[in-house]
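Note sheet for the following structure.
The values are calculated or read from the model by the stated rules, or taken from the named source; none is laboratory data. Everything quoted here is computed from the prediction, not taken from an experiment. All Cβ positions, even for glycine, are placed from backbone atoms using ideal geometry, and neighbour counts span all protein chains on display.
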Amino acid sequence: MAQHVVCRSDEIPVGGSRRVNVAGRDIAIFNVDGTFAAIANRCPHEGASLCKGRIYGLIRSDEPGQYWVERPGELVRCPWHGWEFDIRTGKSYCDPARTRVKSYDVSVTKGSALQEGPYQIEVYEVSLQDNYIVLTL
Amino acid sequence: MDAVLETDHPAASKAGVVDCDIHPAFSKPGELAAFLPERWKAHVRDFGMPTPNVYVGALAYPRLAHGMRRDSYPPAGGPPASDLSFMQEQLLDPLNIEFGILQPLSTGHGTLNLELGAALCQATNDWQIDKWLSKDARLRGSIVVPQEDAAASVREIERRAPDRRFVQISVTPRSLEPLGRKRYWLIYEAAQHHDLPISMHSAAYGARANTGAGWTSFYIEEHFAFSHAAQTNLASMIFEGVFEAFPNLKVILVEGGFAWFAPLIWRMEREWERMQAEVPHLKRRPTDYVRDCVYLTTQPVEEPPVNRHLSDILRWVGTERLLFSTDYPHWDFDHPDHAFKVPLTPQERRAILRDNAVKLFRLA
């Protein structure tokens, strides 16, 4: 299990996303209400880049003209055909058991702690004061 | 579909792809005006461009993501598919598009003022040359015609036919009369004469309601009804005798689905065996006409719950009459590497993605 520092935590605002390539894998990292989650960036349907999708919630309705949004910010909607995935688990809304994208562990770590390893830092000058997003593969 | 997919992006088809449905857009409203004569510029300014649609300048139904791929808005600004360099970067280069056929969705097909329609079509065709065909050698154009005025349509076809960058003639399926009727035959005669296929692209606009029974309540119904318009017009063209009169005419049904094609023809065959006395002007069977004359584009690809059923459908329809299309930049885009989730022989795949279109349009 290698740990990779991907970016500073303030580089992805709440509700934002960023595409990263870690050890050859195309990964989308999202900031869901202040906590980070990472899933494979490719939609299993036709391969669109999920980090380009709209981040939204579940629209619920029990009759025409009445609707509300649940779990705002927790789902990403594929930019092409609108397939929806739970950002935290990678599971699709329509078929969570079988249609899903790979989910990765991410955490936020202080720059000072990163000096000690076992982290793999490829691109970043790490400063002691800042927080960094660390992805575990 | 059991799909945990984290592999690297596979290379797009090595042999090259012909995309038979790309929708070029204006960068800003009024872009077409530069291609209109003063007389018609003034007319549009003073009187607008009335069509049979109740919604002027708007779609009848709200669409998923405004009908566009959400990632297709050019970084330099403007609507999706209005910027050639971003189209190259997002579509033509990465998907290895060897030829891309433009399908402009022109108002000129359906204005109530036929003279204005003719001017708009001529302007749209000039705009295709100026903004697209002269800028990227991979792109090919569609001759947009004011289809309800067949004589004017023929004049526009004659004007464009010498320019081989135009590879087909575009008509829309929600026409004033079923497209097999005689009022359209001059267009087919010119099409056959110049060896230019007729492309019938499903459309949100037209002279008629979106179904034979009237207007639907929802976009989901309209999207589905595109198939019905294609079926109606195909039957009309067969039984009115268009293909008997113009045996070398080619018709392409664009974005109308294709899974329905085989059962429709089976049914026609059975009816023809019983009822052919009513249509003695048909010298051949329906299946003979479609074999020689009819093609279908693939997007949006059929997605049966059991993937392998798509294999059956592809073979019933015939992989020799299917033409790959992306529908870029619309939301229901198909990717050539992922649209067909079934085993195909390399020959079949290459036929659908490239060779059928190269042969039909004489591209190489």
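Checking each residue in the range A:35-77 for being over 17 Å from the mean Cα position of the chain (by Cα) and either at the interface with another protein chain (Cβ under 9 Å from one of its Cβ atoms) or surrounded by 20 or more Cβ atoms within 10 Å (Cβ to Cβ) (or both) picks out A:His45, A:Glu46. Considering only residues of the range B:85-131 that are of a type in the set (S, T, N, Q), at negative phi and part of a loop (DSSP other than H, G, I, E, B), which is surrounded by the most Cβ atoms within 10 Å (Cβ to Cβ)? So, considering only residues that are of a type in the set (S, T, N, Q), at negative phi and part of a loop (DSSP other than H, G, I, E, B), the one surrounded by the most Cβ atoms within 10 Å (Cβ to Cβ) is B:Ser106. Against the definition (more than 17 Å from the chain's Cα centre (by Cα) and surrounded by fewer than 22 Cβ atoms within 10 Å (Cβ to Cβ)), how does B:Arg160 come out, yes or no? It is false that B:Arg160 is more than 17 Å from the chain's Cα centre (by Cα) and surrounded by fewer than 22 Cβ atoms within 10 Å (Cβ to Cβ).
Applying the selection to the range B:63-84, what residues are buried (at least 17 other Cβ atoms within 10 Å of the Cβ), within 14 Å of chain A (Cβ to nearest Cβ) and not in a helix (DSSP H, G or I)? Those that are buried (at least 17 other Cβ atoms within 10 Å of the Cβ), within 14 Å of chain A (Cβ to nearest Cβ) and not in a helix (DSSP H, G or I): B:Met68, B:Arg69, B:Arg70, B:Asp71, B:Ser72, B:Tyr73, B:Pro74, B:Pro80.
In the range A:80-115, the residue that is surrounded by the fewest Cβ atoms within 10 Å (Cβ to Cβ) out of those that are facing another protein chain (nearest Cβ under 10 Å) and touching a residue at least 60 places away in the same chain (Cβ under 8 Å) is A:Lys102.
Quick grid of which residues meet (1) touching a residue at least 12 places away in the same chain (Cβ under 8 Å); (2) under 17 Å from the mean Cα position of the chain (by Cα); (3) more than 10 Å from every other protein chain (Cβ to nearest Cβ):
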position: B:Glu320; (1), (2), (3): yes, no, yes
position: B:Leu323; (1), (2), (3): yes, yes, yes
position: B:Asp327; (1), (2), (3): yes, yes, yes
position: B:Trp331; (1), (2), (3): yes, yes, no
position: B:Phe340; (1), (2), (3): yes, no, yes
position: B:Gln347; (1), (2), (3): no, no, yes
position: B:Ala351; (1), (2), (3): yes, no, yes
position: B:Arg354; (1), (2), (3): yes, yes, yes
position: B:Val358; (1), (2), (3): yes, yes, yes
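Within the range B:30-62, no residue satisfies the criterion of being outside any helix (DSSP H, G or I) and basic (Lys, Arg).
On inspection, B:Ala25 passes the criterion of being crowded, with 16+ Cβ neighbours inside 10 Å and out of contact with any His (no Cβ under 8 Å at 6 or more places or on another chain). Of all residues in the range B:149-180, those satisfying the criterion of being out of contact with any helix residue (DSSP H, G or I) (no Cβ under 7 Å at 6 or more places or on another chain) and either at pLDDT below 95 or in a loop (DSSP other than H, G, I, E, B) (or both) are B:Pro162, B:Asp163, B:Arg164, B:Ser175, B:Leu176.
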